[in-house]
Amino acid sequence: MDFRQEFIEFAVAREVLRFGEFKTKAGRLSPYFFNSGLFNDGASLGKLSQFYAKAIEAAAPPCDMLFGPAYKGIPLVAAVAVALAGQGRNLPYAFNRKEAKDHGEGGTIVGAPLSGRVLIVDDVISAGTSVRESVELIRAGGATPAGVVIALDRMERGKGELSAVQEVERDYGIPVIAVASLQDLMAFLEGRPDLAAFRPAIGAYRDRYGVAAR
């Protein structure tokens, strides 16, 4: 099984990915909901980081270090750094504080100094706010944003015709790598008769709010 399908199966089993009727921040009624905060124990975080590492390996973005935006990106970037090291690729990592520290080492960046090409590790891209803040921090540190890796791309339009992921790629000229996408979810449901009842609603939602695959 492809790692993207394995990831969706894992997310469903952990009830991180659920089906039903959920209201999004945009006020839309979505037939599915993804909450990465429910990867909340050592085993699930470890397995999640392996999927991120596989997605990074498959896309092979040129990067010299990893960066995790506070707060959800902090455990993610540490776990992904460990997973990549286990594959023989030992990269430094850093994350930011929400508030600058005025004692000790000070500043807002914790971990390795920002340098070279920096890959941002986050859970999802909704409004793109954390990506924008990360890009600004990375550039201010004299480094170059190299891309963003996320768990799930909903492939859903924002305020305009583009998705939040596509807007990030357009605005910053960097790739967004997703472990899995809505397209992968639809393919997964085809092979799961027990979940087939949810497929028409998700297909209708995609037809109404979705964007074309990249």
Of the conditions (1) surrounded by fewer than 18 Cβ atoms within 10 Å (Cβ to Cβ); (2) outside any strand (DSSP E or B); (3) touching a residue at least 12 places away in the same chain (Cβ under 8 Å), the single one that GLY20 does not satisfy is (2)
Those residues of the range 23-45 that are modelled with pLDDT of 95 or more, outside any strand (DSSP E or B) and open to solvent by less than 30 Å² (accessible area, probe 1.4 Å) come to a total of 2
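Select the helices (runs of 4 or more DSSP H) contained entirely in the range 161-214, then report the ones holding at least 2 residues which are touching a Lys or Arg at 6+ places or on another chain (Cβ under 6 Å) and under 21 Å from ILE8 (Cα atoms).
Hits in the range 161-214: 182-190.
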Exception for VAL124 within (1) closer than 27 Å to GLN5 by Cβ; (2) surrounded by fewer than 22 Cβ atoms within 10 Å (Cβ to Cβ); (3) of a type in the set (Val, Ile, Thr); (4) modelled with pLDDT of 95 or more falls at (4)
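Of everything in the range 64-82, what is hydrophobic (A, V, I, L, M, F, W, C) and crowded, with 20+ Cβ neighbours inside 10 Å? Give them in sequence order. Spell out the reasoning first.
The initial filter retains those residues of the range 64-82 that are hydrophobic (A, V, I, L, M, F, W, C), namely 65-67, 70, 74, 76-82.
Selection gives MET65, LEU66, PHE67, LEU76, VAL77, ALA79, VAL80, ALA81.
Scan the range 83-108 residue by residue and report those that are modelled with pLDDT of 75 or more, exposed (fewer than 15 other Cβ atoms within 10 Å of the Cβ) and within 20 Å of LEU137 (Cβ to Cβ).
Step one: of the range 83-108, the residues modelled with pLDDT of 75 or more are 83-98, 108.
From what is left, the residues that are exposed (fewer than 15 other Cβ atoms within 10 Å of the Cβ) are 85-90, 97-98.
Across the range 83-108, the qualifying residues are ARG97, LYS98.
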Given (1) open to solvent by less than 10 Å² (accessible area, probe 1.4 Å); (2) within 16 Å of the chain's Cα centre (by Cα); (3) among the polar types (S, T, N, Q), GLN50 misses just (1)
Of the residues in the range 53-81 that are more than 14 Å from the chain's Cα centre (by Cα) and not hydrophobic (A, V, I, L, M, F, W, C), the one that is farthest from ARG206 (Cα to Cα) is ASP64
Quick check: anything in the range 199-214 touching a residue at least 60 places away in the same chain (Cβ under 8 Å), closer than 24 Å to LEU48 by Cα and surrounded by fewer than 17 Cβ atoms within 10 Å (Cβ to Cβ)?
no
Checked ALA196, ALA143 against criteria (open to solvent by 40 Å² or more (accessible area, probe 1.4 Å) and of a type in the set (Gly, Ala, Ser)); the one match is ALA196
Tell me yes or no: at least one residue of the range 66-73 is in a strand (DSSP E or B), free of Cβ contacts under 8 Å to residues at least 60 places away in the same chain and of a type outside the set (Asp, Glu). yes
The range 89-159: strands (runs of 3 or more DSSP E) wholly inside it with 1 or more residues that are in contact (Cβ under 8 Å) with a residue 60 or more places away in the chain and within 30 Å of TYR32 (Cβ to Cβ) are 117-121, 144-153
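Residue under question is ILE8, and the condition is that it be β-branched (Val, Ile, Thr) and open to solvent by 40 Å² or more (accessible area, probe 1.4 Å); does it hold?
The answer is no for ILE8.
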Across the range 185-202, the tally of residues that are in contact with a Pro (Cβ under 7 Å, 6 or more places away or on another chain) and among the small types (Gly, Ala, Ser) stands at 1
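The values are calculated or read from the model by the stated rules, or taken from the named source; none is laboratory data. Computed from a prediction, not measured in an experiment: that's the story for all the values here. Here Cβ is always computed from backbone atoms with ideal geometry, including for glycine, and neighbour counts include all displayed protein chains. The area values use the complete protein model at the heavy-atom level, side chains included, leaving out ligands, DNA and RNA. Shrake-Rupley method; radii C 1.70, N 1.55, O 1.52, S 1.80 Å.
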